[in-house]
1. Just subtract the alpha-carbon distance of Asp98 and Leu119 from 0.36 nm times their residue separation and send over the number in nm, one decimal.
2. Leaving out ligands, DNA and RNA but keeping every protein chain, what accessible area does Ser112 have, in Å² rounded to the nearest 10, with a 1.4 Å probe?
3. Provide the per-residue ³J(HN,Hα) series for the stretch 96-110, in order, calculated from phi with Karplus coefficients 6.51, -1.76, 1.60 and θ = phi - 60°, each as a whole number of Hz, with x at glycine and proline positions.
4. Only sites in a loop by DSSP and with at most 13 other Cβ atoms within 10 Å count here; which chymotrypsin sites (Phe, Trp or Tyr not before Pro) in the stretch 90-159 make the cut?
5. Quick one: accessible surface of Lys78, probe radius 1.4 Å, all protein chains present, in square angstrom to the nearest 10.
Amino acid sequence: MVQSSGLCFTEGVGSSSAPPTPTDLDPGSPTPVSPSSMLPMSPTAMGPTISLDLDVDDVEMENYEALLNLAERLGDAKPRGLTKADIEQLPSYRFNPDSHQSEQTLCVVCFSDFEARQLLRVLPCNHEFHTKCVDKWLKANRTCPICRADASEVPREAE
């Protein structure tokens, strides 16, 4: 039998070569043992101690003040999507395959071909979509699904 750091190991031909388990250790030992290495661990290796002495009202006040500070630093939030009124200002028309002049014949939101008499909406970048598809997209996003141009900005004519 070999003693090392207060742990006992048995060596020999007929003995198991497996590492000792926590039950092999002295149960009265005040020092915790790491199961992976079976070596004594320091109390700080177990993790930080948490003090629960804080009053709930103090914590809530600190969180509230932190949120106010964050809001002040970020400034006013800009909505991600367009309003319904902004979306309805964008031009729309009924698709006619015979007179359609654009090369685009597919709605990239739903990946369906445009069919005769379907209502299409045209964004300022001149990309076209089914109105139902792009309206839903524009409520959550301000940009064209194809080129990411700002859909709320109308391109200005050259003077």
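1. Taking 0.36 nm per residue and subtracting the Cα distance, the gain is 6.0 nm.
2. My reading of the accessible area for Ser112 is about 50 Å².
3. For the stretch 96-110, the Karplus-derived couplings read 10, x, 6, 10, 5, 9, 7, 6, 6, 10, 9, 7, 6, 7, 9 Hz, x marking Gly and Pro.
4. Phe111
5. 150
The values are calculated or read from the model by the stated rules, or taken from the named source; none is laboratory data. The structure displayed is predicted, hence computed values, not measured ones. Glycine gets a Cβ as well: all are built from the backbone with ideal geometry, and neighbour counts include every protein chain shown. Ligands, DNA and RNA are excluded from the accessible area calculation, which covers all protein heavy atoms including side chains. Shrake-Rupley method; radii C 1.70, N 1.55, O 1.52, S 1.80 Å.
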